[in-house]
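The values are calculated or read from the model by the stated rules, or taken from the named source; none is laboratory data. This structure is a prediction, so every number in the text was calculated from the model and none was measured. Please note: Cβ atoms are built from the backbone with ideal geometry, for glycine as well, and neighbour counts cover all protein chains shown. For the accessible areas, the whole protein counts, side chains as well, though only heavy atoms, and no ligand, DNA or RNA atoms are used. Shrake-Rupley method; radii C 1.70, N 1.55, O 1.52, S 1.80 Å.
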Amino acid sequence: MIIANWKMNGSKELIKNWIDVVSRDIEINETKECIFCPPTCYLDFTGTLVRKTSKGIKLGSQQFDSELLAPLTGGINSQMLVDIGCEFVIIGHSEQRIHVDESNQILSNKLKTAIEMNIKPIFCIGESLHQKKANQTKDILIDQLDALTSSFVDKCIVAYEPVWAIGTGENAEISYIEEIHSFIKEELRNKKNSTNGISVVYGGSVNLDNYKEIYSSNMVDGLLIGGASLDSDTFTKIYNMS
Ligand code: PGA
């Protein structure tokens with residue numbers, strides 16, 4: 001699967017242009033999902049446009065709140081996401097973990113709520129540069145994976161995104177990605193006692209120069225692309241040629 005994470009970028013016009021180009025040029029392969037996560041305020045607008053193209057581009061949200069009924073100003077719940085046709089949601093992105101200070105308990109509630117509503121979580125995990133240098137990567141990942149109970153393992157996508165690689169132009173080396181993905185898969189297998197339904201995608205400075213090497217690894221089940229996904233031609237090329 002190839003996921004476009006637009007973060008806090010775009011406008012109605014840019015989204016429309018992007019969808020026009022991507023839906024014209026993309027060669028959708030049913031075994032490789034194409035997921036577009038625009039900013040929350042454009043989700044409904046985006047959903048309407050992608051459905052019109054009938055290309056099978058899926059809608060993903062960058063966030064939501066696990067409560068269904070709390071008096072939460074600014075909140076968006078899972079029912080609202082379902083209502084506008086959202087099939088995926090990013091949970092635990094490091095930018096949210098840092099800014100909103102999300103605990104494992106909150107993340108676990110979000111995973112549960114999304115799965116109950118049939119929205120597939122894209123659950124992000126990854127170590128900071130400081131943690132990497134201190135040789136803590138695997139401990140950090142084990143701790144982050146604690147939010148994922150065994151019954152959720154095959155119902156969500158895990159995205160390994162080393163924080164130091166996000167938006168920095170410095171992707172992780174393929175040997176490092178393979179080592180860490182293999183470690184994450186092993187952890188997930190141990191939780192679930194099976195290999196079925198485990199997918200681990202990579203994110204962090206994926207671009208036209210490095211996507212091929214990363215995606216071609218059999219340890220990598222997809223790509224989560226931020227900056228490089230903003231350009232419709234770049235995103236389409238990465239999707240078509242990966
Ligand atoms: P990047 O972002 O591709 O711009 O590094 C990836 C992400 O944060 O999902």
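Key figures
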| read-out | value |
| --- | --- |
| Near pairs, Cβ below 9 angstrom, 6+ apart or cross-chain, from region 47-67 (more than 11 Å from Gly85 (Cβ to Cβ)) to any residue that is surrounded by fewer than 18 Cβ atoms within 10 Å (Cβ to Cβ) and among the hydroxyl-bearing types (Ser, Thr, Tyr) | Gln62/Thr40; Gln63/Thr40; Phe64/Thr40 |
| Neighbours by Cβ (under 6 Å, 6+ apart or cross-chain): first from region 231-242, within 16 Å of Asp20 (Cβ to Cβ); second open to solvent by 40 Å² or more (accessible area, probe 1.4 Å) | Thr234/Leu208; Thr236/Asp25 |
| Within region 1-22, considering residues that are assigned to a loop (DSSP other than H, G, I, E, B) and without any contact (Cβ under 8 Å) to a residue 40 or more places away in the chain, the one most open to solvent (accessible area, probe 1.4 Å) | Met8 |
| Qualifying positions in region 191-242 - open to solvent by 70 Å² or more (accessible area, probe 1.4 Å), within 14 Å of the ligand (Cβ to nearest atom) and among the hydrophobic types (A, V, I, L, M, F, W, C) | Leu208 |
| Options Val50, Val100; residue that is within 16 Å of the ligand (Cβ to nearest atom), aliphatic (A, V, I, L, M) and over 14 Å from the mean Cα position of the chain (by Cα) | Val100 |
| Cross-chain or 6+ apart pairs with Cβ under 9 Å, region 188-199 first and within 13 Å of Met219 (Cα to Cα), then outside any loop (DSSP other than H, G, I, E, B) and charged (D, E, K, R) | Thr195/Lys185; Thr195/Arg189; Ile198/Asp154; Ile198/Lys185; Ile198/Arg189; Ile198/Lys192; Ser199/Asp154 |
| Test: residue in region 154-168 that is more than 16 Å from the ligand (Cβ to nearest atom) and either in contact with a Cys (Cβ under 7 Å, 6 or more places away or on another chain) or open to solvent by 10 Å² or more (accessible area, probe 1.4 Å) (or both) | yes |
| Boolean, Ala114 is open to solvent by less than 20 Å² (accessible area, probe 1.4 Å), under 18 Å from Glu33 (Cβ atoms) and more than 16 Å from the ligand (Cβ to nearest atom) | yes |
| Count of residues meeting criterion [open to solvent by 20 Å² or more (accessible area, probe 1.4 Å) and in contact with a Cys (Cβ under 7 Å, 6 or more places away or on another chain)] in region 62-101 | 1 |
| So Ala147, is it open to solvent by less than 60 Å² (accessible area, probe 1.4 Å), within 15 Å of the ligand (Cβ to nearest atom) and aliphatic (A, V, I, L, M) | no |
| Test: residue in region 80-92 that is away from the ligand (no atom under 16 Å from the Cβ), under 19 Å from the mean Cα position of the chain (by Cα), without any contact (Cβ under 8 Å) to a residue 60 or more places away in the chain and over 30 Å from Val21 (Cβ atoms) | no |
